[in-house]
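The values are calculated or read from the model by the stated rules, or taken from the named source; none is laboratory data. These numbers were taken from a predicted model, which means no experiment stands behind them. Reconstructed Cβ throughout: ideal geometry from the backbone, glycine too, with neighbour counts over all protein chains shown. Side chains included, ligands, DNA and RNA excluded: accessible areas come from the protein's heavy atoms. Shrake-Rupley method; radii C 1.70, N 1.55, O 1.52, S 1.80 Å.
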Amino acid sequence: MEDITRGGQFLVKETKCENIFTPEDFSEEQIMMRDSVKEFVDKEIWPNKSKFESKDFSFTEECMKKAAEMGFLSVAVPEAYGGMGMGFVDTCLVCDYISGATGSFSTAFGAHTGIGTMPITLYGTEEQKQKYVPKLASGEWFGAYCLTEPGAGSDANSGKTKAVLSDDGTHYKITGQKMWISNAGFCSLFIVFARIEDDKNITGFIVENDATNGITLGEEEHKLGIRASSTRQVFFNETKVPVHNMLAGRGEGFKIAMNALNVGRIKLAAACLDAQRRVTTNAIHYANERMQFNTPISSFGAIRYKLAEMATSAYAGESATYRAAKDIETRIKLREAEGASHQEAELKGVEEFAIECSILKVAVSEDVQNCADEGIQIYGGMGFSEDTPMESAWRDARIARIYEGTNEINRMLSVGMLVKKAMKGHVDLLGPAMKVQEELMGIPSFDIPDYSELFSEEKEMIGKLKKAFLMVAGAAAQKYGPELDSHQQLLTAAADMLIEIYMAESTILRTEKMAKKQGEQAVKEQIAMAKLYLYKAVDIVTQKGKESVISFAEGDEQRIMLMGLRRFTKYTNMPNIVGLRETITAKLVAENQYCF
């Protein structure tokens with residue numbers, strides 16, 4: 001247990017494939033849970049997509065009640081409060097497979113089980129948890145989360161909603177406006193953030209939804225996607241809230257909000273996975289059935305290219321999401337073994353891997369959008385029609401890049417949090433970065449390495465990509481110091497490098513683990529996907545690294561760093577990318593589904 005990797009350490013520490021968790025490691029209990037969720041979605045959600053697209057909000061609520069009857073709302077809730085008390089991997093697994101059919105139900109489910117329930121289980125007093133959590137776990141009550149305001153989006157701590165203590169000190173009166181509140185139309189309880197007097201930070205409150213207590217709702221918002229997710233403005237007019245309904249302490253609301261978002265980010269990544277599987281499977285079905293020039297379009301190279309890329313991004317997303325989920329679960333168990341409460345252990349466990357949570361949120365939310373876009377393209381004109389599932393998948397995917405913190409915010413957070421971890425001594429970036437600088441000034445080796453083992457060159461390439469990031473980030477931090485935060489284009493370029501390293505490494509390690517167990521021939525398509533993803537990652541690191549270096553370095557420093565970047569992104573044996581895609585697509589077309 002002593003050698004457990006900390007958050008962000010993947011960048012400076014070699015990870016062995018045996019030490020990561022993969023979807024192939026699911027236990028029998030987890031497989032049964034997955035199949036139960038899939039059966040529920042295939043029976044209750046997928047056949048009724050038209051109801052969600054026609055903004056049938058009551059049907060969303062009805063499906064949430066059915067999910068509650070199956071126990072799906074209580075997976076992450078401790079047994080002491082009526083839940084199943086399952087581990088973090090299990091909660092991500094349920095979130096993954098329950099979310100793929102429609103973003104409307106996915107959003108309702110995620111808002112309730114995550115930000116609607118979790119703040120109470122993690123920050124509530126024992127009295128608050130006993131009173132509210134069993135009702136939320138059973139689906140007797142549904143929850144919503146009131147943070148965003150017209151003037152407070154990404155800058156969440158700037159909210160204007162006020163909480164004023166009553167003269168007798170028994171309750172607060174909350175007044176203000178909240179917007180984009182998921183589940184507002186049918187929730188029983190709000191988690192509300194407001195500012196007391198002129199406090200620096202906002203405070204969280206548990207507020208029961210009572211129309212006679214100064215609470216009014218706006219009309220349902222008309223949205224691009226997630227159409228049957230109830231989304232309304234909520235207005236509070238001197239709404240009375242007992243003082244014992246304050247969450248955590250005064251001024252602790254911003255901390256609650258940020259930690260809730262960390263959990264929400266990895267669960268959002270999980271929620272985008274089955275959407276990719278379903279879109280890819282539907283695209284394969286159509287490509288196999290659609291005849292043009294007397295030939296199924298699945299035989300055309302341009303279509304085969306798309307299918308291979310769609311499957312590869314889904315496979316990479318699975319690999320990285322479940323790797324991080326297990327790392328978080330391990331950290332939670334370690335904290336509990338050291339005597340921490342469940343609340344503290346889960347909070348600290350997720351916080352430890354906040355960098356990875358941001359990475360996954362960005363990568364998978366963008367992959368699902370690209371996947372849906374290519375799905376429309378494969379369907380051609382039919383893809384643009386509401387008669388096929390592609391256009392709704394594309395519309396639903398779009399929100400994933402906005403909520404749980406926009407992708408722009410998360411890109412900057414991932415690098416910013418890494419630098420802060422380094423300053424605290426939690427991740428040694430300085431030592432490895434200095435070694436990279438020394439290497440840049442040295443003479444490169446011209447020996448031809450032995451690449452006979454599976455992924456030997458690919459793993460060396462991952463190591464070189466890490467050096468490229470350390471070179472860029474180290475030099476930028478040295479140049480700008482505390483002012484680095486203000487160079488947003490540089491930070492986002494560095495973040496893209498960081499994202500690709502984590503995603504590519506996770507995909508390679510998962511596949512290497514499979515190959516050792518099953519043999520290379522049995523997983524040749526997965527090997528092809530791992531190599532294809534890395535090839536594309538190298539291209540992105542090259543582009544973003546060059547953009548970064550040119551933005552802050554000049555003269556000899558720029559020349560040396562660009563030479564280093566070329567060295568760190570150079571293959572000895574360039575993979576046959578067209579051949580890799582063909583290997584992947586041949587399997588997909590033969591199986592007529594996403595089959596990995």
| remark: Here the qualifying pairs (Cβ atoms under 9 Å; residues six or more apart or on different chains; first in the stretch 161-173 and on the phi > 0 side of the Ramachandran plot and small (G, A, S); second open to solvent by 30 Å² or more (accessible area, probe 1.4 Å) and not in a strand (DSSP E or B)) come out as G169/V243
| field | Search result, residues across the stretch 540-578 that are closer than 21 Å to L484 by Cβ, part of a helix (DSSP H, G or I) and acidic (D, E) | value | E547, E557
| Name the pairs whose Cβ atoms lie under 8 Å apart, with the first residue in the stretch 29-55 and closer than 18 Å to M390 by Cβ, the second surrounded by fewer than 18 Cβ atoms within 10 Å (Cβ to Cβ) and at pLDDT below 95, and 6 or more positions between them or separate chains? | E53/E386
| query | If you go through the stretch 579-596 one residue at a time, how many are under 30 Å from the mean Cα position of the chain (by Cα) and in a helix (DSSP H, G or I)? | reply | 11
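Conditions tested, residue by residue: (1) over 16 Å from I226 (Cα atoms); (2) in contact with a strand residue (DSSP E or B) (Cβ under 8 Å, 6 or more places away or on another chain); (3) modelled with pLDDT under 95; (4) surrounded by fewer than 18 Cβ atoms within 10 Å (Cβ to Cβ).
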| site | (1), (2), (3), (4) |
| --- | --- |
| E18 | yes, no, no, yes |
| I31 | yes, no, no, yes |
| D35 | yes, no, no, yes |
| N48 | no, no, no, no |
| S54 | no, no, no, yes |
| V75 | yes, no, no, no |
| Qualifying residue in the stretch 342-352 (condition: closer than 21 Å to D96 by Cβ and not charged (D, E, K, R)) | yes
| field | Criterion (open to solvent by less than 50 Å² (accessible area, probe 1.4 Å), charged (D, E, K, R) and either under 19 Å from R411 (Cα atoms) or touching a residue at least 40 places away in the same chain (Cβ under 8 Å) (or both)) met by exactly one of R510, R567 | value | R510
| task | Among the residues of the stretch 383-407, write down those that are closer than 16 Å to C357 by Cβ and open to solvent by 60 Å² or more (accessible area, probe 1.4 Å). | result | R401, Y403
| remark: Flagged in the stretch 296-317 as more than 14 Å from Y594 (Cβ to Cβ), assigned to a helix (DSSP H, G or I) and among the hydrophobic types (A, V, I, L, M, F, W, C), in numbering order, are I297, A302, I303
| request: Among the helices (runs of 4 or more DSSP H) lying completely within the stretch 318-405, list those that include at least 2 residues that are over 13 Å from the mean Cα position of the chain (by Cα), free of Cβ contacts under 8 Å to residues at least 24 places away in the same chain and over 18 Å from A271 (Cα atoms). | output: 342-352
| message | List pairs: first residue in the stretch 209-236 and in a loop (DSSP other than H, G, I, E, B), second residue of a type in the set (F, W, Y) and open to solvent by less than 30 Å² (accessible area, probe 1.4 Å) anywhere in the structure, Cβ distance under 8 angstrom, at least six positions apart or on different chains. | response | N209/F190; G214/F236; R227/F52; A228/F52; A228/F59; A228/F105; S229/F105; S230/F186
| query | Any residue in the stretch 192-202 that is under 17 Å from T113 (Cα atoms), open to solvent by less than 30 Å² (accessible area, probe 1.4 Å), in a strand (DSSP E or B) and in contact with a helix residue (DSSP H, G or I) (Cβ under 8 Å, 6 or more places away or on another chain)? | reply | no
| remark: Subset of the stretch 77-98, residues open to solvent by 10 Å² or more (accessible area, probe 1.4 Å) and of a type in the set (D, E, K, R), comes to E79, D90
| Candidates E458, E408 - the one that is under 29 Å from K513 (Cα atoms), at pLDDT 90 or above and not small (G, A, S) | E458
| note | Residue count, the stretch 462-479, condition farther than 15 Å from I499 by Cα and open to solvent by less than 50 Å² (accessible area, probe 1.4 Å), comes to 5
| Is it true that Q369 is more than 27 Å from V77 (Cβ to Cβ) and open to solvent by less than 20 Å² (accessible area, probe 1.4 Å)? | yes
| note | L273 meets each of (1) surrounded by fewer than 24 Cβ atoms within 10 Å (Cβ to Cβ); (2) farther than 16 Å from N157 by Cβ; (3) in contact with a Ser or Thr (Cβ under 8 Å, 6 or more places away or on another chain) with one exception, condition (1)
| query | Listed residues A522, A504, A528, A537; which is part of a helix (DSSP H, G or I), farther than 25 Å from L440 by Cβ, of a type outside the set (S, T, N, Q) and open to solvent by less than 10 Å² (accessible area, probe 1.4 Å)? | reply | A528
| message | Looking only at residues that are farther than 18 Å from G185 by Cβ, acidic (D, E) and at pLDDT 95 or above in the stretch 125-158, which one is most open to solvent (accessible area, probe 1.4 Å)? | response | E127
| remark: Quick count over the stretch 446-481, residues being free of Cβ contacts under 8 Å to residues at least 40 places away in the same chain and either in a helix (DSSP H, G or I) or not hydrophobic (A, V, I, L, M, F, W, C) (or both), is 8
| For I443: the one exception among (1) of a type in the set (A, V, I, L, M); (2) open to solvent by 50 Å² or more (accessible area, probe 1.4 Å); (3) assigned to a helix (DSSP H, G or I); (4) farther than 20 Å from E366 by Cβ | (3)
| Residue check, R278 more than 25 Å from L491 (Cα to Cα), charged (D, E, K, R) and in a helix (DSSP H, G or I) | yes
